[in-house]
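The next block holds one structure in the form of structure tokens; read it before the comments.
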Amino acid sequence: MPLRNSIIFCSDCFHRLERYRLADAAIFATIQQFPSNTEISQILTKVVLINALYGTTIYNTLKISKHILGLNFDNKVQVGNLSIIDDIRTEHGIHTTKGSERNVYAFATKYTSCHAPDIFPVFDNLVKKLLKYLNTTHNFHETFTQKDLHDYALFKNVVDSLITYLNLPDFRYKQIDQGMWIYAKYKYDRNKLPEDIAHEIDEAVIA
């Protein structure tokens, strides 16, 4: 299946890109050192690192860290309670310049996934576009809009449907996240990829 080969190839490409590979390694090393979320200094360390290396544009890292501290994060993540995503993304008191509260959905999924990558896939705006496109062309899930994917339970269900459609039962969320993200980067933001990697993807079977 061309699409299956494409996702596998793009997942492999992720690990050949030093910037992304080392960023992941740094984040996961830090989480191994500070696995719990009961000390504000440790949460802040992880928030600052994830925000910097994953580009989640959290403008008040201390405020979001204090917010996470009060969420019973570890217990919810341990049992796979998806509501933790909504808990993080709202009621944190970080506002836009127009005064409305910022919805830090992507950050919430990234922070949570870094602690439990086998339970929580990562939402990203490029991946959102890619999933809508792939479903339109391959019909692996019931119809949805990009906006619908802001419902995290639906987003996870769509990712699961794609994994099943591609017959990748051994793929962990981390692998599918990386494969989709590189594929989406190639499709929608190609100039941000190294030229040699983009050319290799050109030559691969892309569906």
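Just a few scattered comments:
- Residues (surrounded by 14 or more Cβ atoms within 10 Å (Cβ to Cβ), free of Cβ contacts under 8 Å to residues at least 40 places away in the same chain and in a helix (DSSP H, G or I)) located in segment 135-147: Asn135
- Annotation: of all residues in segment 33-56 being free of Cβ contacts under 8 Å to residues at least 40 places away in the same chain and of a type in the set (Val, Ile, Thr), the one that is nearest to Trp181 (Cα to Cα) is Val48.
- Annotation note: of Asp160, Asp170, the sole residue that is over 17 Å from the mean Cα position of the chain (by Cα), acidic (Asp, Glu) and farther than 18 Å from Lys110 by Cβ is Asp170.
- Leu162 buried (at least 20 other Cβ atoms within 10 Å of the Cβ) and farther than 30 Å from Gln32 by Cα: no
- Between Asp12, Asp74, Asp86, the distinction of being acidic (Asp, Glu), part of a helix (DSSP H, G or I) and over 18 Å from the mean Cα position of the chain (by Cα) belongs to Asp74 only.
A quick yes/no check of all residues on (1) at pLDDT below 95; (2) in a loop (DSSP other than H, G, I, E, B); (3) touching a strand residue (DSSP E or B) at 6+ places or on another chain (Cβ under 6 Å); (4) under 26 Å from Ile58 (Cβ atoms):
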position: Leu126; (1), (2), (3), (4): no, no, no, yes
position: Ile163; (1), (2), (3), (4): no, no, no, no
position: Pro169; (1), (2), (3), (4): yes, yes, no, no
position: Asp177; (1), (2), (3), (4): no, no, no, yes
position: Val205; (1), (2), (3), (4): yes, yes, no, no
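- Here Ser11 meets the list (1) farther than 30 Å from Asp202 by Cβ; (2) in the same structural domain as Leu166 (by TED's automatic domain parsing) almost entirely, failing just condition (1).
- Flag for Leu131 being crowded, with 18+ Cβ neighbours inside 10 Å, assigned by TED's automatic domain parsing to the domain that holds Lys185, in a helix (DSSP H, G or I) and not aromatic (Phe, Trp, Tyr): yes
- Considering residues of segment 55-64 that are surrounded by 15 or more Cβ atoms within 10 Å (Cβ to Cβ) and either hydrophobic (A, V, I, L, M, F, W, C) or in contact with a Ser or Thr (Cβ under 9 Å, 6 or more places away or on another chain) (or both) only, the residue farthest from Phe14 (Cα to Cα): Ile64
- Condition check for Ala52: outside the structural domain of Ser161 (by TED's automatic domain parsing), under 24 Å from Val127 (Cα atoms) and surrounded by 16 or more Cβ atoms within 10 Å (Cβ to Cβ): no
- Condition met for Thr97 (of a type in the set (S, T, N, Q), free of Cβ contacts under 8 Å to residues at least 40 places away in the same chain and over 27 Å from Val47 (Cα atoms)): no
The values are calculated or read from the model by the stated rules, or taken from the named source; none is laboratory data. From a predicted model like this one, the values you see are computed outputs, not experimental measurements. Cβ: placed from backbone, ideal geometry, glycine included. Neighbour counts: every protein chain shown.
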